[in-house]
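Engineer: Attaching a single structure in structure tokens format; questions to follow.
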Amino acid sequence: MSILTRNYQPTRKEHQIPDEFLKGVDFESYVRDYLFPKDKYTLIERTCSPGKDSFVFSSKEPDFKLQSESGKIFFLEAKYRDYFFDGAIEWCKFYQFSHYGDVDRIAPVYVIIGIGGQPDDPERLFFLPLKVIKGDKLYRSTLQPYEVTVKKCVSENQLV
């Protein structure tokens with residue numbers, strides 16, 4: 001459980017913070033700490049989660065905008081799922097997929113998906129460019145070629 005999640009715990013019942021939100025916070029922290037660490041990737045932007053009573057337009061963007069050591073700028077969307085259902089996961093809503101495609105025309109968008117285990121310690125990880133994704137569902141067979149090692153920094157060479 002990340003520090004952010006622990007900070008949310010005391011107010012969880014009062015504010016009715018959904019478990020899915022907390023899982024997302026933990027997984028995003030994991031992604032930043034282990035896969036795209038500060039000493040290798042500079043954080044340019046990070047989206048905030050929309051509040052209960054208001055919508056922040058930037059929350060439509062991918063979770064992170066990063067810059068590699070060589071200067072390559074890209075977007076990263078992080079998704080955690082507990083398990084595959086009928087061999088697939090719904091990694092986003094279709095309208096989000098469409099918007100990410102628009103963003104991909106500005107700078108490359110990558111998706112990092114954690115499956116199983118816990119959000120802050122997933123069993124399996126998949127890192128793939130948006131350009132190979134065909135929709136809001138991803139099948140196990142599509143993800144397999146893009147599996148990466150857990151708790152290992154993603155190499156800049158993987159940013160194709």
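Engineer: For the stretch 140-146, take each phi angle, set θ = phi - 60°, evaluate the Karplus expression 6.51 cos²θ - 1.76 cosθ + 1.60, and give the result in whole Hz per residue in order, putting x for glycine and proline.
Structural biologist: In residue order, the calculated couplings are 3, 5, 6, 6, 3, x, 10 Hz.
Engineer: Mind listing the phi-derived Karplus ³J(HN,Hα) values for the stretch 109-120, rounded to whole Hz, using 6.51, -1.76 and 1.60 with θ = phi - 60°, and x for any glycine or proline?
Structural biologist: 10, 10, 10, 10, 10, x, 10, x, x, 10, x, 8
Engineer: Under unit Cβ charges (Lys, Arg +1; Asp, Glu -1), what dipole magnitude, rounded to 20 debye, does the stretch 66-129 have relative to its Cα centre?
Structural biologist: Numbers: 6 positive and 10 negative charges, 46 e Å.
So the magnitude is around 220 debye.
Engineer: Step through the residues of the stretch 84-101 one at a time and calculate ³J(HN,Hα) from phi using the Karplus curve (6.51 cos²θ - 1.76 cosθ + 1.60, θ = phi - 60°), rounding each to whole Hz and writing x for Gly and Pro.
Structural biologist: 7, 10, 6, x, 9, 10, 8, 8, 7, 8, 4, 5, 5, 4, 4, 5, 4, x
Engineer: Considering amide H positions built from the backbone, and no H for Pro or chain starts, which residues 5 or more places from V111, or on another chain, come under 5 Å of its amide H?
Structural biologist: E77, L128, L130
Engineer: Given charges of +1 on the Cβ of Lys and Arg and -1 on the Cβ of Asp and Glu, with all other atoms neutral, how large is the dipole of the stretch 38-160 about its Cα centre, in debye to the nearest 20?
Structural biologist: Values: 18 positive and 18 negative charges, 38 e Å.
So the magnitude is around 180 debye.
Engineer: Counting other C-beta atoms within 10 Å, and keeping those with at most 14, which DSSP coil GluC sites (Glu not before Pro) do you find in the stretch 69-160?
Structural biologist: Details: sites: E69, E77, E90, E123, E147, E156; in loops: E69, E123.
Here the sparse-neighbourhood loop sites are E69, E123.
Engineer: Say the cut-off is 25 Å between C-alpha atoms; which of K60/K152; K40/K93; K60/K137; K72/K93; K65/K134 go over it?
Structural biologist: K60/K152; K40/K93; K72/K93
Where a number appears in this text, it was derived from the coordinates with a stated rule and is not lab data. Just so we're clear, the structure is a prediction, and the values are computed from it rather than from any experiment. Reconstructed Cβ throughout: ideal geometry from the backbone, glycine too, with neighbour counts over all protein chains shown.
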